[in-house]
Amino acid sequence: MFGLSELAVILVVVVAVLGVKKLPELTRSAGKAARIFKSEAKAFKEQDAPGGASGSGQVISGEVVDRDATPRS
């Protein structure tokens, strides 16, 4: 997609805009976001797989609560 020279120009622009002090924080955040995305994508694939969590047959019951309604006496 990008050649080496284009990536070098993009890197120089990012360093110039953000500064050298913010670069490690930016790369840490990007790595964390990539790990979260990867784990969510894996969980989504496992959920859709036959015999996954969606095919377990569990029934979850609950009660609908309206926070804005007046309390009953």
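Observations
- Residues of type lysines that residue 22 reaches as a straight line, Cα spacing below 25 Å, ignoring anything fewer than 8 places off in the same chain: 32, 38
- Around residue 30: net Lys/Arg minus Asp/Glu count, Cβ-Cβ under 13 Å: +4
- Probe 1.4 Å, all protein chains present, accessible-area order of 38, 32, 21, largest first: 21, 38, 32
The values are calculated or read from the model by the stated rules, or taken from the named source; none is laboratory data. Note that the structure is predicted; figures quoted are calculated from it, not measured. When we count neighbours, we look across all protein chains shown, and the Cβ atoms used for this are built from the backbone with ideal geometry, even at glycine. These area figures cover heavy atoms from the full protein model, side chains too; ligands, DNA and RNA do not enter into them. Shrake-Rupley method; radii C 1.70, N 1.55, O 1.52, S 1.80 Å.
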